[in-house]
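The values are calculated or read from the model by the stated rules, or taken from the named source; none is laboratory data. Predicted model only: the values in this text are computed from it and were never measured. Here Cβ is always computed from backbone atoms with ideal geometry, including for glycine, and neighbour counts include all displayed protein chains.
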Amino acid sequence: MKKSYIVILSAALFGWASCHRTPDTPTPTTPTVETLEVPQPSYFPAMVYDLKSNPLTTDGFQLGRSLFYDGILSRNGTIACGTCHQQAAAFTHHGHDLSHGIDDKIGMRNAPAIQNMAWEKDFLWDGGVHQLDLFPMAPIENPVEMDEKLSNVLQKLRDSKNPNYPELFKKAFGTTEINTERFTKALSQFMLFLVSNNSRYDLYLKGSTNAITATEKEGLAVFKQKCATCHASELFTDHSFRNNGLDMARSTDQGRFRITQNPDDLYKFKVPSLRNVSYTSPYMHDGRFTTLEQVLDHYAKNAKQSATLDPILQQATPAGIPLTDDEKLKIIAFLKTLSDDSFVKDWRFSDPGFGKSF
Amino acid sequence: MKNKILWASAWSFLLLLFIQSCKSDPDPYANNSLTLSFSNKVGSDGVVLGSGNYKNAVGEDFTVTTFSYFISNISLKKADGTVYTYPQDSSYFLIREANIDSKKVVLKGVPTGDYTELKFMIGVDSLRNTMDLSRRKGVLDPGDISHDDGMYWSWNSGYIFLKLEGNSSKVAADATGNQKFRYHIGGFGGYNTKTFNNIRTVTLPLGSIVAKVGPAQQPTIEVVADIAKIFDGTQKISLAQYPTVMFADFSSTVANNYAAMFKISGVKD
């Protein structure tokens, strides 16, 4: 007898549930939910990206990895994200002052590193994009980068047999549907997982006091005193936009002004993280410096006075940051402790075989 | 006896669940609809893309090759003063001169009543400009086919509210020899930093004719957008002087002008 109650009850519950289902939408098959956890080092600031809006899964990450290295995102198939963001160079374009895009066109700025993206609040040197999921459209639609329309990228992915993107989307999101949200969120999943927190400096932070040398520790002390106002926190950026005194005489790049149209923002660029800085040469938004020595020389003696020059750089006469040769050497020694060898060699982040890096 | 009671209660529970779940939401307005029919003109002439020749307020000749704009956040005022706001998630439309279907905006499920005033936003509100992509479908999806002529700035996250392009003999030739003018107007006020805000709201009284909506009455409100007003409003704009207006302060002058380009030309039952 009791059994029949259970049968009736379950029938009722079934009826209740089935009537609440929205019509016309097919029930998605449950995706393989092997979740991925973004490492969150205790000494990093609070995360900016809302992981609840895009929970990381192994399949989502693998899809994003494929998209990241596939030239299908560009008009003629030659340029992938991984073309200008190469792992060995901490996802920058090694050896290129300005990024090198489709039809040998030269970009406007130096390709910045892709690392610790979950902690970034603005993207691009001028902060024109404020959310990681909205980022991929910028290089895709830029005429000197990938020169493609997003709608066409989605269509090419739907038609793709090798890789079989509809199947990869199904694995990641439950159905073969390919849309803007899924596309960009898969790319976000790949980028969010690119966390660099295994440098010698990280070992030092975690308590291995001998992970960095005495000279490097002295460099750290000078760095904290002279650089850490802007290159703040253990991410080595305060995420602000500043004019650091680069000579803009021959440049038409107005920096943050392009986004805000506020004259106070003329020639301001995002303060970049210094993690993996030894891999990310050349330096500055236009890649004008090839060595860290040149960068420090700029701050020590070549900062140029202008209306929007950062007030911190105006405290000294001449403008800039006074640095002795010994201090420069020590700072550079310290900066090299931020190199994360395991990050640039992690096979999980590598090109699965598209070969679009050049 | 005990069994019977148990059976009865189980059955009634079952019934109750079915009634609860299968009861359709009462929507007395399911068959109601109101259509906004947009027609784009220059003065009194209809727009013919590419070939139509027009003159602006400062006497410059021009043609129109692209004319598109977002209409959003639609609301309707009844004769009794109450306001009906169309469901926000469904209240975004991209009117494109190049696409006839896009110029008919069908509002479904509008409550029965006599409507006397139409209100909408030209552009896309700041909230929707910054929302998660899961909340941006259809014309709000930057990967939608309707965006192929570019109604989204990927380099400066945000929608282009209005795009007007064409040629004029008064515009200096560019490197390719074309004498094109390009007006791409957007700007929702900025995300992390305040910038100019070109969102404009338009209120259009229907005048003497009332749009009567009911199960058997599905009126059409005819709305005209006059491109001539874009060059002639709070400030007269010369194409020779301003051949390109995009993300810059002057775009607000253009937005102020086009805020007054709409008028009601009629209401049909």
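Quick one: in segment A:316-358, which of the residues that are among the aromatic types (Phe, Trp, Tyr) and touching a residue at least 60 places away in the same chain (Cβ under 8 Å) is farthest from A:Gly71 (Cα to Cα)? Show your work before the answer.
Quick first cut of segment A:316-358, residues among the aromatic types (Phe, Trp, Tyr) only: A:334, A:343, A:347, A:349, A:354, A:358.
Next, from what is left, pick out any that are touching a residue at least 60 places away in the same chain (Cβ under 8 Å): A:334, A:343, A:349, A:354, A:358.
Numbers: A:Phe334: 37, A:Phe343: 23, A:Phe349: 17, A:Phe354: 8, A:Phe358: 12 Å.
By that ranking, first place goes to A:Phe334.
Is it the case that some residue within segment B:75-92 is away from chain A (no Cβ under 14 Å), touching a residue at least 40 places away in the same chain (Cβ under 8 Å), β-branched (Val, Ile, Thr) and under 19 Å from B:Ile264 (Cα atoms)?
Looking through segment B:75-92, none of the residues is away from chain A (no Cβ under 14 Å), touching a residue at least 40 places away in the same chain (Cβ under 8 Å), β-branched (Val, Ile, Thr) and under 19 Å from B:Ile264 (Cα atoms).
Take the residues of segment B:27-54 that are assigned to a strand (DSSP E or B) and touching an Asp or Glu at 6+ places or on another chain (Cβ under 6 Å): which is surrounded by the most Cβ atoms within 10 Å (Cβ to Cβ)?
B:Asn40
Among the numbered criteria (1) outside any loop (DSSP other than H, G, I, E, B); (2) within 14 Å of chain B (Cβ to nearest Cβ); (3) touching a Gly at 6+ places or on another chain (Cβ under 9 Å); (4) not polar (S, T, N, Q), which one does A:Met146 miss?
Answer for A:Met146: the failing condition is (1).
Could you tell me whether any residue of segment A:108-121 is out of contact with any Gly (no Cβ under 7 Å at 6 or more places or on another chain), without any contact (Cβ under 8 Å) to a residue 40 or more places away in the chain and buried (at least 23 other Cβ atoms within 10 Å of the Cβ)?
Taking segment A:108-121 as the starting set, the residues that turn out to be out of contact with any Gly (no Cβ under 7 Å at 6 or more places or on another chain) are A:108-109, A:111-121.
Add one more test, that the residue is without any contact (Cβ under 8 Å) to a residue 40 or more places away in the chain, and what stays is A:111.
Next cut, buried (at least 23 other Cβ atoms within 10 Å of the Cβ) only: A:111.
Taking every residue of segment A:108-121 in turn, at least one turns out to be out of contact with any Gly (no Cβ under 7 Å at 6 or more places or on another chain), without any contact (Cβ under 8 Å) to a residue 40 or more places away in the chain and buried (at least 23 other Cβ atoms within 10 Å of the Cβ).
Looking for whichever is farther than 29 Å from A:Lys336 by Cα, among the small types (Gly, Ala, Ser) and either part of a loop (DSSP other than H, G, I, E, B) or assigned by TED's automatic domain parsing to the domain that holds A:Ala333 (or both) here; the options are A:Ser233, A:Ser273, A:Ser281, A:Ser251. Which one fits? Steps first, please.
Numbers: A:Ser233 fails: farther than 29 Å from A:Lys336 by Cα; A:Ser273 fails: farther than 29 Å from A:Lys336 by Cα; A:Ser281 fails: farther than 29 Å from A:Lys336 by Cα.
Every option except A:Ser251 fails the conditions.
Tally the residues that are among the hydrophobic types (A, V, I, L, M, F, W, C) and part of a helix (DSSP H, G or I), restricting the search to segment A:40-55.
Qualifying residue count for the region: 1.
Looking only at residues that are surrounded by 14 or more Cβ atoms within 10 Å (Cβ to Cβ) and assigned to a loop (DSSP other than H, G, I, E, B) in segment B:249-269, which one is nearest to the other protein chains (Cβ to nearest Cβ)? If you could, list the steps in order and put the result at the bottom.
To start, the set of residues in segment B:249-269 that are surrounded by 14 or more Cβ atoms within 10 Å (Cβ to Cβ) comprises B:250-264, B:267.
Checking which are assigned to a loop (DSSP other than H, G, I, E, B) leaves us with B:250, B:259-261.
Working: B:Phe250: 10, B:Ala259: 20, B:Ala260: 24, B:Met261: 24 Å.
So the residue we want is B:Phe250.
With the requirement that a residue be closer than 13 Å to A:Asp325 by Cα and crowded, with 19+ Cβ neighbours inside 10 Å, what does segment A:296-306 give you?
Looking only at segment A:296-306, we keep the residues that are closer than 13 Å to A:Asp325 by Cα, and these are A:296-301.
Hits for segment A:296-306 are A:Leu296, A:His298, A:Tyr299, A:Ala300.
Going residue by residue through segment A:205-223, is there one that turns out to be part of a helix (DSSP H, G or I) and in contact with a Pro (Cβ under 7 Å, 6 or more places away or on another chain)? Even if it seems obvious, please write down each step before you answer.
Residues of segment A:205-223 that are part of a helix (DSSP H, G or I), as a first pass: A:205, A:209-211, A:214-223.
When the remaining residues are screened for being in contact with a Pro (Cβ under 7 Å, 6 or more places away or on another chain), the result is none.
Among the residues of segment A:205-223, not one is part of a helix (DSSP H, G or I) and in contact with a Pro (Cβ under 7 Å, 6 or more places away or on another chain), which makes the answer no.
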